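This report concerns only the one structure given below.
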Amino acid sequence: ISLAINFTGFTVTRLRRERLERCAVQGLFGRYVSGPVLDFLLTHPETINLEGGERRQLTVLFSDIRGFTKRSEISPPEEVTRILNQYLTRMVDIVFKHGGTVDKYIGDAIMALFNWPASQPDHADRATAAAVEMKAELDRLHREWAGSRWEDLAIGVGINTGPAIIGNVGTPTAIAALPVAERAGLLF
């Protein structure tokens, strides 16, 4: 009886810990990757190399709004937030649709990676298709913003393919102090 109770307690504890780690990974990566990529990460956690990084051929897409700072300086902050949220939501949905991973937001800019974490032999084509669709989506936003100071917003999109290292950036002390699920958010 004692053995059965201990085994049951151990199993329940292990399952609970795995569920908490899964929720943590979903919470961290859910904002940066699409559903299929998140499912891949959850079923293949070994693909996340947290120590030392991994050399991989990537395609990086970088987009930003032209003249955004100047426009935001003359607009109410609530309006800027609303416009930026509309824009970023639409653009990130497109990145996700094409299998990209959002690496970071830099103000009004988006930096997205293709060919990570899952291998994508057509990563450059995916990034290019995303860029073309982003431009088309901006035209739709222009129609929604007609009559406002945002109706002629322009974006720039750059794409580059080449070798990169995917891994941790920071001091070993700070990274080592974080639980594994939190370290996953320190990717570049």
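For this structure, a couple of remarks:
- Selection count, the range 41-100, where residues are modelled with pLDDT of 90 or more, loosely packed, with under 13 Cβ neighbours inside 10 Å and either closer than 13 Å to Pro117 by Cα or in contact with an Asp or Glu (Cβ under 6 Å, 6 or more places away or on another chain) (or both): 0
- Single condition Gly167 does not satisfy, out of (1) in contact with a Gly (Cβ under 7 Å, 6 or more places away or on another chain); (2) of a type outside the set (A, V, I, L, M, F, W, C); (3) at pLDDT 90 or above: (3)
- Answer from Val132, Val92, Val102, Val80 - the residue that is free of Cβ contacts under 8 Å to residues at least 12 places away in the same chain and under 12 Å from Leu61 (Cβ atoms): Val132
- Of the residues making up the range 104-124, those that are more than 28 Å from Arg66 (Cβ to Cβ), modelled with pLDDT of 90 or more and open to solvent by 40 Å² or more (accessible area, probe 1.4 Å) are Pro121, Asp122.
- Residue within the range 132-143 that is open to solvent by 20 Å² or more (accessible area, probe 1.4 Å), of a type in the set (A, V, I, L, M) and under 20 Å from Pro163 (Cα atoms) present: no
- Output for the range 111-129, where each listed residue is over 16 Å from Gln57 (Cβ atoms) and more than 17 Å from the chain's Cα centre (by Cα): Ala129
The values are calculated or read from the model by the stated rules, or taken from the named source; none is laboratory data. All values derive from a computational prediction rather than experimental measurement. In this analysis, Cβ positions are derived from the backbone assuming ideal geometry, glycine residues included, and neighbour counts consider all displayed protein chains. Accessible surface is based on the protein model in full, side chains and every heavy atom, while ligands, DNA and RNA are left aside. Shrake-Rupley method; radii C 1.70, N 1.55, O 1.52, S 1.80 Å.
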